[in-house]
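In what follows, a single structure is set out as structure tokens and then discussed.
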Amino acid sequence: PWIESVNIRRDLPGGFTIQIKERVPLFCARKNDRLYYVNAQGLLIAPVDPRSFRSLPVLELGPGGDDALPLVADFVEQFRKAGFPFGFRQISSLRLSAAKGFELYVENRRLSLIIGLEQWQDNLRRIASVVSDIDKRKETVMVSSIRAADGQVWMTKTQEEQKDEAAPGRTH
């Protein structure tokens, strides 16, 4: 299941050249109560085997997420180029849905990123800019989620930050 294509060429007088292109897993996904490795196009490669386990983001399809599946390979490539202060390998999960678009969770930062499907490339650039800015200001811990859609970006503060603001006697 790991072989994507094989090319065999005969080299006269008595040789052969064999080229093997392997499938590259980018995610893990659950199907029929089993975990599978999945490539960037969302195609199942093989079941996850404990002997050859790779830690990869979990891909989940929400309602209408099947329609966004063909965008995933380009999304991952654009994500890598967008200038985030962390790499795609730090993403714990990616959920696709028609309502919210791309929903990513960065576990080590406790940060959700939601990128709307319409004009997703622009939304991705906007959210990358905001994440980079709050990271430079060391304010990432104050934000639990960032959403980019319709040309706008919204941030949600962490519960701790909201409690601090509501505390009596707090001055700004």
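Taking 31 Å as the cut-off for C-alpha to C-alpha distance, list the pairs among 100/136; 81/138; 21/136; 31/100 that go past it.
Listed pairs above 31 Å: 21/136.
Listed values for the stretch 19-30 are Karplus-derived 3J(HN,Hα) couplings in whole Hz (6.51 cos²θ - 1.76 cosθ + 1.60, θ = phi - 60°), namely 10, 10, 10, 8, 6, 10, x, 10, 9, 10, 9, 8, and x replaces Gly and Pro. For residue 27, nonlocal amide neighbours, meaning residues 5 or more places apart or on other chains whose placed amide H falls under 5 Å from its own, are 38. Evaluated over the Cα positions of the stretch 1-155, the convex hull gives a direction-averaged projected area, one quarter of its surface, of 12.1 nm².
Here the Karplus relation 6.51 cos²θ - 1.76 cosθ + 1.60, evaluated at θ = phi - 60°, turns the backbone of the stretch 93-110 into coupling constants of 8, 9, 10, 10, 8, 5, 6, 10, x, 8, 10, 10, 10, 9, 5, 5, 10, 6 Hz, with x for every Gly and Pro. Between residue 78 and residue 58, the distance separating the two model label sites (each 7 Å from Cα on the Cα→Cβ line) works out to 2.6 nm. Model label points for residue 139 and residue 121, set 7 angstrom from Cα along the Cα-to-Cβ axis, are 3.0 nm apart. Each peptide in 25-33, 71-79 was scored by the mean count of other Cβ atoms within 10 Å over its residues; highest first, the order is 71-79, 25-33.
Whenever you get a sec, compute what percent of the accessible area on the stretch 55-139 sits on carbon and sulfur atoms (1.4 Å probe).
Using a 1.4 Å probe with all protein chains present, the stretch 55-139 comes out at 45 percent carbon and sulfur.
In this simple spin-label model, placing a label point 7 Å from the Cα along the Cα-to-Cβ direction at both residue 150 and residue 19 gives a separation of 4.9 nm.
Here the ratio of the Cα radius of gyration of the stretch 71-115 to 2.2 N^0.38 Å is 1.09.
Can you tell me the accessible area per residue over the stretch 24-172, all protein chains present, probe 1.4 angstrom, in square angstrom?
Value returned for the stretch 24-172: 59 Å² of accessible area per residue.
A Förster radius of 41 Å, combined with the Cβ-Cβ distance separating residue 69 from residue 12, puts the computed FRET efficiency at roughly 0.40. Most tightly packed first, judged by the mean number of other beta-carbon atoms within 10 Å of their residues, the peptides 15-24, 145-154, 51-60 read 145-154, 51-60, 15-24.
The values are calculated or read from the model by the stated rules, or taken from the named source; none is laboratory data. No experiment lies behind these values; they were computed from the predicted model shown. Cβ sites come from the backbone with ideal geometry, for glycine too, and all protein chains shown count toward neighbours. These area figures cover heavy atoms from the full protein model, side chains too; ligands, DNA and RNA do not enter into them. Shrake-Rupley method; radii C 1.70, N 1.55, O 1.52, S 1.80 Å.
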